[in-house]
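Participant: I'd like to ask some things about the structure below.
Bear in mind these aren't lab numbers, they're just calculated from the coordinates by the rules spelled out. Note that the structure is a prediction, hence the values are computed from the model and not measured. Methodologically, a virtual Cβ is constructed for each residue, glycine included, from the backbone with ideal geometry; neighbour enumeration extends over all protein chains shown.
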Amino acid sequence: HKIRRARLEDLSKVSQLEKRVWKQMSARRNVIQRRFFLFPQGFIVATVGSEIAGFCCACLYDVDATKVPVDAHFPPGHIPGADYYFLFALTVNPIYRGHGIGTDLVRRELKQARKRGCKKAQVFANKHSRTLFERLDFQASAKLDSVFKGFEKLMQKPVLMELELKADPDLQKRSLSRAVDFQMR
């Protein structure tokens with residue numbers, strides 16, 4: 001599989017996969033398009049040949065989800081330059097699960113978060129995805145049972161998980177080197 005940024009022409013296949021996996025909880029196509037246009041750098045796909053095998057979205061937000069009441073529509077928007085990197089819609093086609101696609105999607109998102117200097121990555125996880133996030137050092141910080149009322153089959157034992165982000169030293173070195181180079185001109 002390959003991980004890459006989503007393209008506009010991927011959104012139809014992404015929408016179909018979302019419906020197949022999330023059923024009545026799936027986002028409408030216009031919502032998926034809005035996610036893509038709000039923060040395209042945070043919308044990535046995994047491909048196997050010409051098929052979309054999985055995808056993940058993210059946005060930047062200026063409020064720590066542990067400090068405010070949240071609902072299934074959190075975060076309400078994207079705020080460029082904010083400190084919190086919120087992952088959502090991690091979706092992998094069931095026939096490709098267990099092949100590292102979800103892990104690779106999350107790792108790519110975390111790389112983007114570190115590149116942007118975010119303090120923390122946060123995500124709503126369920127009973128099935130929680131193990132994946134724990135392997136990547138996320139910690140459960142709050143139970144969300146009341147947030148997903150009516151969707152208990154899809155969001156079993158939901159929790160808010162978070163990961164403190166440390167800046168990528170290689171990215172810091174490159175940024176510092178560019179700043180020094182710029183000042184010398």
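Participant: For segment 88-158, what class follows from the C-alpha gyration tensor (a ≥ b ≥ c being the square roots of its eigenvalues): rounded when a/c is under 1.5, otherwise prolate if a/b is larger than b/c, else oblate?
Facilitator: It comes out oblate by the Cα gyration axes.
Participant: In degrees between 0 and 90, to the nearest 10, how far off the longest principal axis of the chain does helix 11-22 point, with axes built from Cα atoms?
Facilitator: Taking Cα atoms only, the helix is inclined about 50 degrees.
Participant: Relative to the first principal axis of the alpha-carbon coordinates of the chain, what is the inclination of helix 29-38, with its axis defined by its Cα atoms, in degrees from 0 to 90 and to the nearest 10?
Facilitator: Value to nearest ten degrees: 10.
Participant: Please report the relative contact order for segment 5-53, taking Cα pairs under 8 Å with a sequence separation of at least 6, and give it as a percent rounded to a whole number.
Facilitator: 47 percent
Participant: Next question, about the same structure. Give the order of ILE44, ILE95 when sorted by the count of other beta carbons within 10 angstrom, beginning with the fewest.
Facilitator: Least to most surrounded, the residues fall as ILE95, ILE44.
Participant: Could you please state, rounded to a whole Å, how far the C-alpha centre of segment 151-166 is from the C-alpha centre of segment 24-102?
Facilitator: Using only Cα atoms, the two centres lie 13 Å from each other.
Participant: How large is the translational diffusion coefficient of the chain in µm² per second when you combine the Kirkwood radius over alpha carbon pairs with Stokes-Einstein at 10 °C and 1.306 mPa s?
Facilitator: 93 µm²/s
Participant: May I pose another question? Using alpha carbons only, how many degrees (0 to 90, rounded to 10) separate the axis of helix 169-184 from the longest principal axis of the chain?
Facilitator: 40 degrees
Participant: Among ALA142, ALA125, GLN41, pick out the residue whose Cα is farthest towards the positive end of the charge dipole of the chain, where Lys and Arg carry +1 and Asp and Glu carry -1 on C-beta, about the Cα centre.
Facilitator: Of the listed residues, the answer is GLN41.
Participant: Search the structure for amide H atoms under 5 Å from the amide H of LEU165, placed 1.01 Å from N in the peptide plane, and list their residues when 5 or more places away or on another chain.
Facilitator: Under 5 Å from the amide H of LEU165 lie the amide H atoms of LYS120, ALA121, each far enough along the sequence or on another chain.
Participant: Considering only VAL48, VAL106, VAL92, give the residue with the highest GNM mean-square fluctuation for the chain, with springs between Cα atoms whenever their separation is below 10 Å.
Facilitator: Highest fluctuation of the listed residues: VAL48.
Participant: Need the full-extension length gain, PHE151 to LYS111, defined as separation in residues times 0.36 nm minus the C-alpha distance. One decimal, nm.
Facilitator: Taking PHE151 through LYS111 to full extension adds about 11.3 nm, to one decimal.
Participant: What are the residues whose amide H is under 5 Å from the amide H of SER141, where those residues sit 5 or more places off or on another chain and H is modelled from the backbone?
Facilitator: Result for SER141 returns LEU160, MET161, GLU162.
Participant: Okay, next question. Relative to the Cα centre, what is the charge dipole magnitude of segment 1-55, using +1 at the beta carbon of each Lys and Arg, -1 at the beta carbon of each Asp and Glu, and rounding to the nearest 20 debye?
Facilitator: 120 debye
Participant: With charges only on Cβ, +1 for K and R and -1 for D and E, what is the dipole size of the chain about its Cα centre, in debye, rounded to 20?
Facilitator: 380 debye
Participant: Follow-up. Which order results if PHE43, PHE36 are arranged by neighbouring Cβ count within 10 Å, fewest first?
Facilitator: The most exposed by this proxy come first: PHE36, PHE43.
Participant: For Cα pairs less than 8 Å apart in space and 6+ apart in sequence, what is the mean separation divided by the residue count of the chain, i.e. the relative contact order in percent?
Facilitator: Worked out over the chain, it gives 18 percent.
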